[in-house]
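Peer 1: Have a look at this one.
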Amino acid sequence: MLEDDLQKGHLFARLSEDQLDRVAKHAVRLHLQEGEMLFQQNDPADRFYLLLRGQIKLFRLGPSGHEKVIEIVTPCSTFAEALMFLDRPTYPVAAQSLQAAEVVSVDALDFARMLRESVDTCFMLMGDMSQRLRGLIREIDDLSLSSATCRVAAYIASRSEPNGGTFDLDVPKQTLASRLSVQPETFSRIIRNLRDQGILSVRGAHVEISDPDRLRKMANVCARPEDSLASTFIYPCPPKKPFV
């Protein structure tokens with residue numbers, strides 16, 4: 001049911017049963033193929049989204065056509081919801097699937113009307129957005145103070161288990177480099193350096209962490225662990241809760 005899927009997002013997990021039914025009534029489930037656009041930069045922003053499966057990149061195009069990846073959206077995350085508070089909003093970024101994806105499209109205008117009817121729901125949403133703002137502030141600090149090696153190491157550390165292990169790099173390297181604000185050739189050079197130091201090994205998209213302690217130390221050279229850039233990439237699904 002759409003109501004069950006909506007509860008996977010932090011934004012909807014604490015809504016009442018009536019509120020959740022109302023959102024579901026105006027929501028639409030969408031399936032995207034790999035590389036399919038969800039919306040374009042400057043399109044009217046009359047809906048926001050919850051990602052259920054796959055990955056979506058949010059990006060902007062500069063005047064020269066250069067693409068800058070703003071965020072890589074992972075399952076259980078909502079995006080574009082803050083735009084509902086603007087007058088005649090448009091999307092400041094474009095959204096494209098990195099792999100086959102499933103999203104729920106939510107009516108932003110009706111959701112905003114629902115917020116006007118519930119002060120508690122408004123404060124809940126404000127709390128969610130405050131957390132995201134803190135994450136963005138941490139990211140600005142990291143981009144200003146951290147070296148490229150710190151950022152790459154922090155991202156890899158966020159994907160690996162505490163004791164090392166292996167994982168697949170499921171984001172294209174060029175996209176990931178853009179997200180970390182490094183050039184693709186710089187990203188490749190950092191990976192080679194980490195490999196040469198015996199910290200990790202890479203075969204295609206498969207990454208094996210050989211020395212997790214050194215990797216974490218490298219990631220934390222420029223930032224405290226809790227303020228690491230890597231924290232902005234992971235937004236886990238909330239535990240399932242009964243209706244309020």
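The values are calculated or read from the model by the stated rules, or taken from the named source; none is laboratory data. None of these values were measured; they are calculated from a predicted model. Note: ideal-geometry Cβ built from the backbone for every residue, glycine included; neighbour counts use all protein chains shown.
Peer 1: Got a sec? Which of 71, 81 is touching a residue at least 12 places away in the same chain (Cβ under 8 Å) and either more than 19 Å from residue 172 (Cβ to Cβ) or among the basic types (Lys, Arg) (or both)?
Peer 2: Just one listed residue meets the conditions, 81.
Peer 1: Only one of these is over 20 Å from residue 76 (Cβ atoms) and either basic (Lys, Arg) or not in a helix (DSSP H, G or I) (or both): 29, 60. Name it.
Peer 2: Criteria check complete, one pass: 60.
Peer 1: So, in the stretch 77-92, how many residues would count as being surrounded by fewer than 18 Cβ atoms within 10 Å (Cβ to Cβ) and at positive phi?
Peer 2: 1
Peer 1: Pick from the stretch 119-168 the residues that are modelled with pLDDT under 80 and among the basic types (Lys, Arg): which of them is farthest from residue 206 (Cα to Cα)?
Peer 2: 134
Peer 1: Determine which single condition residue 82 fails, assuming it passes every other condition in (1) part of a helix (DSSP H, G or I); (2) in contact with a Phe, Trp or Tyr (Cβ under 6 Å, 6 or more places away or on another chain); (3) among the aliphatic types (A, V, I, L, M).
Peer 2: Among (1) part of a helix (DSSP H, G or I); (2) in contact with a Phe, Trp or Tyr (Cβ under 6 Å, 6 or more places away or on another chain); (3) among the aliphatic types (A, V, I, L, M), residue 82 violates only (2).
Peer 1: Please indicate, with yes or no, whether at least one residue in the stretch 2-13 is free of Cβ contacts under 8 Å to residues at least 12 places away in the same chain and within 22 Å of residue 100 (Cα to Cα).
Peer 2: yes
Peer 1: Could you tell me which numbered condition residue 65 fails, if it satisfies all but one of (1) closer than 24 Å to residue 170 by Cα; (2) of a type outside the set (Val, Ile, Thr); (3) out of contact with any helix residue (DSSP H, G or I) (no Cβ under 9 Å at 6 or more places or on another chain); (4) modelled with pLDDT under 95?
Peer 2: (1)
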